[in-house]
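The values are calculated or read from the model by the stated rules, or taken from the named source; none is laboratory data. In this text the structure is predicted, and so the values were computed from the model without any measurement. A quick note on method: Cβ atoms are made from the backbone with ideal geometry, for glycine too, and the neighbour counts reach across all protein chains shown.
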Amino acid sequence: MDLKKRVEQCLGPNNFVVAMIECQGDLSVEVPKRSVVDVMRLLRDTPDLGFNFLSDLLGVDNLDLNKPKKKPKKKTEEGEGAETEEELKEKGPLPPRYEIVYLLLCLERNERLQVKVRVEENDMEVDTLTPVWKAADWPEREVFDMFGIRFKGHPNLKRLLMWDDFPAYPLRKDYPLEGQGEERHLIYDD
Amino acid sequence: MAIDAYNGGGWIATKLEWLINWGRKRSPWPLPYGTACCGIEMMCALAAGYDMARFGAERPSFSPRQADVLIQAGTITLKMAPAFKRIYDQMAEPRCVISMGACACSGGVFRTYSTLQGIDKLVPVDIYIPGCPPRPEALLQALLMFIEKTEKSQPITRKKHSDLLVGT
Amino acid sequence: MNQNPTPQTSHDTGDYVTVNIGPSHPAMHGTLRVVALTDGESLIKVDPEIGYLHRGVEKLGESLTYHQFIPITDRLNYCSAIPNNVAYEMAVEKLMGVEVPEKAQLIRVIMMELARIADHQVCIGILGVDLGAFTPFFYLIIQREEIYEIFEWFNGARLTNTFGRIGGVDADLPDDFEQRWEELKPGVRKANDETEKLLTHNRIWMDRTIGISAFSAEDALNWGFTGPCLRACGVKRDLRIDEPYCMYDKFKFKVPVGKNGDVFDRYIVRMIEMEESLKIIDQAYKLYKEMPADAPLMARVPKVIKPPAGEVYSALESPNGELGFFVKSDGSAKPYRIRIRPPCYMIYQAFPELVEGELIADLVACLSSLNVIAGELDR
C-alpha cells in the first residue's frame, strides 16, 4: 500500500488531515495546529508508518505568496489599487501567514513525509515537539529566532543564531535582506 | 650636535629603530583568527607544503598579547564583532592587521543583515588580501608585505605603529 | 571504560566555576562558544552558543536566482564544498523533475568521494592537533593538497569549487585524470597508513579517545544524528545505500559501523570510510570509461530556471552526514525559501549530553571528533 493511503488511514479517523499534497514524489500532510504533537506520536508509533526520525523542522513565511499578483504596468496607480482591493474581497480572508514544516523519516523503509502546520499571525504559538524528539530543540529555537513563532513548553526558548536583544525576525519576508541598521553594541569598556 | 643624536630622528634613535625592526621582521608571530573558509586556507599556509614558518611566522600565537600580526581569515558577523574588537584591543603595540579574503575586506558575497561589511569598520587594517578564498601564496605575500612595512616603521620616533601604517 | 572520577567534593557546597571557552579559542574551530560550569576539571553543565558565523545564507538565497545560489553553497561546509553543491543541485533538479545524464552522475560521484576523503583528512588531522598529536596533521594536509590540486585543475578553485550546474556538470573530466588519480591513490593510502601507525594503537591516543563521550544508538537517533557520528554508535545507516542517488547503488562498498559511539569509534569510522571512498572512485571511474566520449553531460534545462511551484526536500550523504536542502518555489526565477539541513547542526545540539560529566580536556576531543563546521552550523 502506498504511503499516502497509509497516512490517510492512520490520521483520517481523528480528522487530523487538513490537506494532502504531493510534489515530485514528496508527500506532505497538513494537520491542524493544536494536535501537532498527537499527530507526531501517531506517525511515530503506528507500526506500518514508523516515522521514527525527525530530519528537520523549518518555518516558511507565506507573505509574498498570499499577496495578490502584480498587475501589468499599463494601468494607472489608482486603477491598480482598486483592482487589488476587489480581488482581495473576492478571495476572502488570506490563508495563514506562516507555516512550519516537519520533515520526518522512517528508518526501516526509508520513506519521507512532510508534515505541515499553518500558523496564524495573531496566534503565533505551537506546541513544542521536544518531548517526542530531542532533535527538535535547536530547530525550534531557530524558527523562534527567525520568524518569531513561539513554541509552548520548549525547555530553553531563546534566540539561537542572532544575539539576544536583536529586535527583528530576519527570515520574515517583510524584513529587508540587508537589515534595518541593527547594531551590536560593544558591551565592555575599554 | 651630540644632543641631536639622541633627539627625534637622530642617529642613535634611528639606529636603534633599525635594530628593533631587524629583530621584529624575522619573527612576525601571527594570531590566526580563522572564522570561516579562509581559515582553512590559512591552515594550509601554516602547515607543511606552504610552510609559513619559512618567513619567521613559526609560532601561531593564539594569545593576543604575544602576537604581532592579526590574520583575520573569514567573515566577521555582527554577533562576533565585539569579541573580535576585544581581541584586537588586547594586542600589544606595535600591531598589524591582515584582512584575508573578501568577507573580511568588504563583506564579500554576504551582503546581509548579520554580516559586518568589512572589518575596517571596527579596526584599522594594514593589508588586504582579495579573493574568496585567497590562495595560501597570497597570504605568504601579505606576510612579506608586512615584513617590508616593518622595515620602514619607526617604533621609537613615532609613537603608534598603527598610525603610521594606516595613514600611508 | 570511562575512568573519569565523579565529582564529589564540592557538590554539596556548590562551589562551581563557570568557564567561558570561545568564540575565539583555538580549540573551538573559530567560532563556537561553550559556557561550561565546572567542578574542578569535570564538567557539570555545558551550554553551547552558536551563531557567531551566521551570515544569512538562507535569506540571501531568496534574493538570488537558482544558479546564483550554487557559489553560496560552497561556503557552507568549506572543508568539502562539492557535496554541498551537488546536494543543492539535486534538490532543484528534483523540483524540476530533471533526470541527470549518467556520465554527469559518475563525475559527481568521483568528485564527491574525493571531497569526502579531503574532509575526513582535515577532520582527523584537526582531531590529532587538538589532542596534541601534531605530526599526522602534516602527513594528511600534504595529501590533501594533492586532492586540492585535482580540484583546482578541474574546477579552477581549491576550496570553493562551485562544482556542477543544475541539470548536470559543466565540464568533462580532463584527459589525464587517470594518471593523476593513479598517482594520488597510493599517496592517500600511505598517509592513512602513517596516520594509523601514529595514532590507532598509540597508548596516549587510546586513553584520550576510547570511552570519551560515548553515546547510545537510541539517543543518537533521538537527537537526529547522521553520518559517521551515527555509524560510530552502531547504526548502519548511509544514505548512499539506503536512499541511493547518483548511481550509488551500482558500487560495492562497505559501511563501517562502530560500537560505543565514542571519539575513537568516530575516528576509526572515518579512517575506514576514506579507504571505501577510494574503492568507490575506482569503480566509478571504470564505469565512466565505458561511457561513450560524447555522452551528454547536461540534461535539457532552460537557461533561466523557473521550477514549477512546489516544495521538495532532497538529501545526500555528505562527509558529515545527511545534508538536505528544502527548496520551495513559487514559480518565479528565484527560490521562495531555501532551508539547509546541515548535518552537524543536529549533532552539535546534543553536545551538552555528550560531554557532561567528562573532563574539560575531553570536551575538546569530543568537539573535534564531531567535525563541527561553523559555516554550515550557523549558515
Here are some residues: C:Y52, C:Y78, C:Y88. Which one is in a helix (DSSP H, G or I) and under 27 Å from B:S114 (Cβ atoms)? C:Y88
Just to be sure I understand, how many residues within the range C:197-238 are buried (at least 21 other Cβ atoms within 10 Å of the Cβ), β-branched (V, I, T) and more than 30 Å from A:N110 (Cα to Cα)? 2
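Looking at C:V129, C:V188, C:V122, which one is away from chain B (no Cβ under 11 Å) and either surrounded by 20 or more Cβ atoms within 10 Å (Cβ to Cβ) or farther than 29 Å from C:M298 by Cα (or both)? Spell out the reasoning first.
Working: C:V129 fails: away from chain B (no Cβ under 11 Å); C:V122 fails: away from chain B (no Cβ under 11 Å).
That would be C:V188, the only listed residue that is away from chain B (no Cβ under 11 Å) and either surrounded by 20 or more Cβ atoms within 10 Å (Cβ to Cβ) or farther than 29 Å from C:M298 by Cα (or both).
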In the range B:108-138, how many residues are without any contact (Cβ under 8 Å) to a residue 24 or more places away in the chain and on the phi > 0 side of the Ramachandran plot? 1
Which residues, counting only those in the range A:133-148, are of a type in the set (A, V, I, L, M) and either touching a Cys at 6+ places or on another chain (Cβ under 6 Å) or facing another protein chain (nearest Cβ under 9 Å) (or both)? A:A135, A:A136, A:M146
Checked the range A:1-35 for anything assigned to a helix (DSSP H, G or I) and in contact with a Phe, Trp or Tyr (Cβ under 8 Å, 6 or more places away or on another chain); matches are A:S35
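State all residues of the range A:20-41 that are among the small types (G, A, S) and in contact (Cβ under 8 Å) with a residue 24 or more places away in the chain; if no residue qualifies, say none.
At the first step, the residues of the range A:20-41 found to be among the small types (G, A, S) are A:25, A:28, A:35.
The answer is A:S28, and nothing else.
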Restricting the first residue to the range C:127-145 and requiring it to be under 18 Å from C:L370 (Cα atoms), which pairs with a second residue that is among the charged types (D, E, K, R) meet a Cβ separation below 7 Å and a spacing of at least six or different chains? C:L131/C:R208
All-but-one check, A:K134 against (1) over 28 Å from B:Y113 (Cα atoms); (2) touching a residue at least 24 places away in the same chain (Cβ under 8 Å); (3) basic (K, R), failing number (2)
May I ask you to list pairs of residues, at least six apart or on different chains, whose Cβ atoms are under 6 Å apart, with the first in the range B:139-164 being closer than 18 Å to B:Y128 by Cα and at pLDDT 70 or above and the second being among the polar types (S, T, N, Q) and outside any loop (DSSP other than H, G, I, E, B)? B:T150/B:N21
Tell me which of these C:F151 doesn't satisfy, since it passes every other one: (1) farther than 21 Å from C:Y285 by Cβ; (2) out of contact with any Pro (no Cβ under 8 Å at 6 or more places or on another chain); (3) in a helix (DSSP H, G or I). (1)
Within the range B:14-56, residues among the aliphatic types (A, V, I, L, M) and buried (at least 18 other Cβ atoms within 10 Å of the Cβ) come out as B:L31, B:A36, B:I40, B:M42, B:M43, B:A45, B:L46, B:A47, B:M52
B:T112 fails exactly one of the following numbered conditions: (1) away from chain A (no Cβ under 14 Å); (2) surrounded by 16 or more Cβ atoms within 10 Å (Cβ to Cβ); (3) at pLDDT 85 or above. What is the number of that condition? (1)
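Scan the range C:343-379 residue by residue and report those that are of a type in the set (F, W, Y) and within 14 Å of the chain's Cα centre (by Cα). Break it down stepwise before answering.
So in the range C:343-379, the residues of a type in the set (F, W, Y) come out as C:345, C:348, C:351.
Passing the criteria: C:Y345, C:Y348.
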Would the range C:257-274 turn up any residue that is assigned to a loop (DSSP other than H, G, I, E, B), in contact with a Leu (Cβ under 7 Å, 6 or more places away or on another chain) and surrounded by fewer than 19 Cβ atoms within 10 Å (Cβ to Cβ)? no
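Tell me, which strands (runs of 3 or more DSSP E) wholly within the range A:39-147 include 3 or more residues that are at pLDDT 85 or above and surrounded by 18 or more Cβ atoms within 10 Å (Cβ to Cβ)?
On the way: elements: A:53-61, A:98-106, A:111-119, A:125-127.
It comes to A:53-61, A:98-106, A:111-119.
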Can you tell me which of (1) surrounded by fewer than 13 Cβ atoms within 10 Å (Cβ to Cβ); (2) free of Cβ contacts under 8 Å to residues at least 24 places away in the same chain; (3) more than 27 Å from A:V39 (Cα to Cα) is the one A:D174 doesn't meet? (2)
A careful count of residues in the range C:20-60 that are farther than 20 Å from B:S61 by Cα and within 11 Å of chain B (Cβ to nearest Cβ) gives 12
Please indicate, with yes or no, whether at least one residue in the range C:71-89 is within 10 Å of chain B (Cβ to nearest Cβ), under 22 Å from C:Y313 (Cβ atoms) and of a type in the set (V, I, T). yes
Here is a list of conditions, (1) within 11 Å of chain B (Cβ to nearest Cβ); (2) more than 16 Å from C:V301 (Cα to Cα), and C:Q68 meets all of them except one; can you say which number that is? (2)
Only one of (1) over 24 Å from C:L140 (Cα atoms); (2) surrounded by fewer than 16 Cβ atoms within 10 Å (Cβ to Cβ); (3) away from chain A (no Cβ under 14 Å) fails for B:R59. Which number is that? (1)
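Considering each of C:P307, C:P342, C:P319 in turn, give the residue that is touching an Asp or Glu at 6+ places or on another chain (Cβ under 6 Å), facing another protein chain (nearest Cβ under 10 Å) and buried (at least 24 other Cβ atoms within 10 Å of the Cβ).
C:P342
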When you go through (1) in contact (Cβ under 8 Å) with a residue 12 or more places away in the chain; (2) touching a Leu at 6+ places or on another chain (Cβ under 9 Å); (3) more than 14 Å from chain C (Cβ to nearest Cβ); (4) in a loop (DSSP other than H, G, I, E, B) one by one for A:P167, which number turns out not to apply? (2)
If you take the residues in the range C:327-336 that are surrounded by fewer than 24 Cβ atoms within 10 Å (Cβ to Cβ) and within 9 Å of chain A (Cβ to nearest Cβ), which one is nearest to C:W223 (Cα to Cα)? C:Y336
Return yes when A:D45 is more than 7 Å from every other protein chain (Cβ to nearest Cβ) and either over 14 Å from A:L103 (Cα atoms) or not hydrophobic (A, V, I, L, M, F, W, C) (or both) and no when it is not. yes
Over 15 Å from B:K25 (Cα atoms) and in contact with a strand residue (DSSP E or B) (Cβ under 8 Å, 6 or more places away or on another chain) - does that describe any residue in the range B:139-151? yes
Have a look at C:I110, C:I126, C:I142 and point out the one that is touching a Leu at 6+ places or on another chain (Cβ under 9 Å) and part of a helix (DSSP H, G or I). C:I110
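Considering only the range B:23-37, I want to know if a residue exists there that is closer than 15 Å to B:S99 by Cβ, hydroxyl-bearing (S, T, Y) and within 10 Å of chain C (Cβ to nearest Cβ). I'd like the intermediate steps shown before the answer.
Let us first name the residues in the range B:23-37 that are closer than 15 Å to B:S99 by Cβ, namely B:30-37.
Of the ones still in play, those that are also hydroxyl-bearing (S, T, Y) are B:33, B:35.
Remaining after also requiring within 10 Å of chain C (Cβ to nearest Cβ): B:33, B:35.
Checked the range B:23-37: at least one residue is closer than 15 Å to B:S99 by Cβ, hydroxyl-bearing (S, T, Y) and within 10 Å of chain C (Cβ to nearest Cβ).
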